[in-house]
1. Can you give me the distance in nm between label points at Thr21 and Ser226, each placed 7 Å from the Cα along the Cα-to-Cβ direction?
2. Out of all DSSP beta bridges in the chain, what portion is antiparallel? Express it as a percent rounded to 5.
3. Only bridges with both residues in region 1-129 count here: give the DSSP antiparallel percent, nearest 5.
4. At a Förster radius of 22 Å, what calculated FRET efficiency corresponds to the Cβ-Cβ distance of Arg206 and Ser44, to the nearest 0.05?
5. Looking only at Cα atoms, what is the convex hull volume of the chain per residue, in Å³?
6. Could you calculate the FRET efficiency of Ser9 with Arg118 from 1/(1 + (r/R0)^6), where r is the beta carbon distance between them and R0 is 51 Å, rounded to 0.05?
7. Roughly speaking, what is the stretch gain from Asp137 to Val71, that is 0.36 nm per residue apart minus the C-alpha to C-alpha distance, in nm to one decimal?
8. Need one number: nm distance between label points at Ala79 and Asp177, each 7 Å from Cα along Cα→Cβ, rounded to one decimal.
Amino acid sequence: MSAPVLLLSDVTREHMQGGTTVRALRGVDLAVHAGELVAVMGPSGSGKSTLLHAAGGLDTPTSGQVLVEGVDLAGLSPAATAAVRRRSIGYVFQDLNLLPALSAVENVALPRELDGVRRRQVRQEAVAALAEVGVADLADRFPDEMSGGQQQRVAIARALVGPRRLLLADEPTGALDSTTGEEVLQVLRARCEAGAAGVLVTHEPRHAAWADRVVFLRDGVVVDQSGPVAGAESLLAAGGSA
């Protein structure tokens, strides 16, 4: 088997809260290969978003390694880490993080423009990504002219634009109705089948069913990894929720 696109090795993340050390992640190991979509589930406060932040280079582990396409993010300067994020990592934030002064196509195109790609190519890629999630007609609208669901799709298009090989999604269907949410998951699934690696944080077993594997976190520790259907059912049986 080829090397994983994403590899977390013995990752620990600690932070201070009210004078107390909180261990958000405790020695987490996770490998995600090209063509694979992994769902991460667990109770609130289990470390799901912390894991995703570490995988995306948005947070630095207290110890351990995070490798994206063989590059250890912890060993990079902030500028080099940002370059890896632009080129290799697509991230769907829970709060979307769209820039209000930019149109939909400009929001989607921004990471590629910052990476020096030619303007004409950037716009073509951005429009194609918007079309992939079904909102090409919103290209010239601004975020405050869109519904929450439309903004969510634009944020997902921004994560898909360009030749990124790692897709990270934090509750990407949160603002979408069930039908549209399933369509978005189908897009993520198709990207993985085309060669990307994906990590999906979700509290919905029916969404986790799109994944090849479900990883369960509790108190910052991976407590189980299993197939999607059995895994989601076991979480429900244990009374877990996100």
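No value in this document is a laboratory result; all are computed from the given coordinates. Please read all numbers here as calculations on a predicted model, not as lab measurements. Note: ideal-geometry Cβ built from the backbone for every residue, glycine included; neighbour counts use all protein chains shown.
1. Label-label distance for Thr21 and Ser226, simple model: 3.4 nm.
2. Details: 21 of 38 bridges.
In the chain, approximately 55 percent of DSSP beta bridges are antiparallel ones.
3. On the way: 16 of 16 bridges.
Percentage antiparallel, nearest 5: 100.
4. Working: r = 19 Å, r/R0 = 0.86.
Efficiency at R0 = 22 Å is approximately 0.70.
5. Details: hull volume 32.0 nm³, N = 242.
That works out to 132 Å³ per residue.
6. On the way: r = 37 Å, r/R0 = 0.73.
About 0.85, to the nearest 0.05.
7. Numbers: separation 66, 0.36 × 66 = 23.76 nm, distance 3.74 nm.
Stretched out fully, the Asp137 to Val71 stretch lengthens by 20.0 nm.
8. Spacing of the two 7 Å Cα→Cβ label points: 4.9 nm.
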